[in-house]
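Remarks on the structure that follows.
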Amino acid sequence: MRRSLLALTALFVAPGLVVAASLAGSAPTASAQSPMPAAPSPVRLVSQTATVRFGRGIDLTARLQNSAAEITSIKSYFQPQGTRTITTYGYPGFTPGRDVTTNLTIQTSSPFYYPPGVVFEVRYEVTDASGNRYETEPATVEYLDPAFDWKRRTKDNLTVIYHDRPQATIDGLLEAVGARAPSIESTIGAGGGGGPYRAVLFNSNAEARRAFPFVSQAASDGHVFGGFAYEQYGLLVLDHAGVAGVTHELTHLIFGSATNAPTAKRPAWLNEGLAVYFETGSRATSLTQLQRAIRGDSLLSLRAMNSIPGRPEQIDVFYPQSGNFVGYLIERHGGGPMRALVASMRRGVLPAEAVPAAYGITLEGLEAAWRLDVGARAIEPAVPGGATAAEPSADATATGDGPVSPPAGDATIDAAAAPTEAGNASPTAAPAPARAPVALAVPVVATLVLIAAGVFGYVALRRRRVAAR
């Protein structure tokens, strides 16, 4: 909390922001003369060295000189490159003088976790004995594990950072991912796709685990997660160099760029679903992975998929289910409604309102239609008036994207053949039994009770009279 308050204060007092504000409020007139060039600053950053203690922090040593007067105060700033990142400042110790050396540590472990590949901009504000303040130009520091010899390859707006792999392998990866990117950007409505993006690729999960954030002990023990995307840094980190994995995480970054607004509503089923689907651009793989959950009736409810579950057995269902459902929306309805959905969520519209506006049917209605499509137990969502929600035809919802793929498996599902046994994570409750027999039984039982009470009272009264005689 202390760090957050300091960082927020720094955002408002940073010199660049103050200058921008004064320029906005005082536009020059046509007759105004050009300002005189500013005198060169007597303060300079002579050198800065960085020592990365991977998983712990970055130790920076800076040498500063002031040719005009003795340096009496130093304020250090650092900020990760990216969107909506914060600036943190502090006051490192040093011995006053015209030539000083100071030390700064950027913590990179919990609770101030930073992923590998983050680039920090570091600058110093110097105050001298005369009360003058000067600011150095930013110097950059990259956070990577120094145990490896990192190399780089770039294509379009993606740079891959890797080690101990053939360059031809990385070039082939960049070609394959680059071929898929336009389809991702078009479907999401991301324009130019944002970026630039960076991908840090490790060679195994064991190698990458000390670079990954802690999610849960169960997830760590089960090696559930193989990669992460960090939208604010335009960065993805993977434990391998597969095309599907890089495409998955890059989709997150593109989606993040398309919904980069403080008010954006982004349910996990949509975010992860897009990433899973675009790994291949087909629903086939995810449908195969879902067969066990479909047979065991252990699919999750979309209402419960706004965030990623923490239990590995639910995660195993969550990812293919999200990917197949989102793939169903894209293949059945085309890219137009999906772009409309993403645009609505960027504006802060909740899924319950954004989905009907984009698809002409409730989220429950789409979920029910999808379950029928994949052969899962049918669920008929309730709608006002007691009618059953029906999905509009593909022709009615496609918006000029060309031919719309027909849904997989158009055959009608026999209700008697649909599985009904609920699994351990069943998203829906079994149908409630009819309540009419219960309603009829209540007055019958009440009548019998009254009759029995009357008979009992009559017998008791007779016995008291006999005893009185």
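The values are calculated or read from the model by the stated rules, or taken from the named source; none is laboratory data. All values derive from a computational prediction rather than experimental measurement. Cβ: placed from backbone, ideal geometry, glycine included. Neighbour counts: every protein chain shown.
Scanning segment 48-65 for residues that are outside any strand (DSSP E or B) and loosely packed, with under 14 Cβ neighbours inside 10 Å, we see that the one that is nearest to the chain's Cα centre (by Cα) is G55. Only one entry of S130, S110 meets the criterion of being closer than 25 Å to V46 by Cβ, among the polar types (S, T, N, Q) and in the same structural domain as T83 (by TED's automatic domain parsing), and that entry is S130. Could you tell me whether I74 is among the β-branched types (V, I, T) and in a loop (DSSP other than H, G, I, E, B)? No; evaluated as a whole, the condition is false for this residue. T259 - would you say it is surrounded by 17 or more Cβ atoms within 10 Å (Cβ to Cβ) and touching a Lys or Arg at 6+ places or on another chain (Cβ under 7 Å)? Yes. Every residue in segment 140-178 that is closer than 30 Å to P42 by Cα and either β-branched (V, I, T) or touching a Lys or Arg at 6+ places or on another chain (Cβ under 7 Å) (or both), please. Answer for segment 140-178, where residues must be closer than 30 Å to P42 by Cα and either β-branched (V, I, T) or touching a Lys or Arg at 6+ places or on another chain (Cβ under 7 Å) (or both): T140, V141.
Might you check whether a residue that is touching a helix residue (DSSP H, G or I) at 6+ places or on another chain (Cβ under 7 Å), under 30 Å from D164 (Cβ atoms) and charged (D, E, K, R) occurs anywhere in segment 254-266?
Scanning segment 254-266 turns up no residue that is touching a helix residue (DSSP H, G or I) at 6+ places or on another chain (Cβ under 7 Å), under 30 Å from D164 (Cβ atoms) and charged (D, E, K, R).
Screening the candidates F120, F148 for the property of being closer than 25 Å to Y230 by Cβ and not in a loop (DSSP other than H, G, I, E, B) yields one hit, F120. Checking each residue in segment 129-145 for being among the charged types (D, E, K, R), within 22 Å of P115 (Cβ to Cβ) and part of a strand (DSSP E or B) picks out only E142. For segment 231-263, a tally of residues being outside any loop (DSSP other than H, G, I, E, B) and either among the β-branched types (V, I, T) or closer than 20 Å to V342 by Cβ (or both) returns 18.
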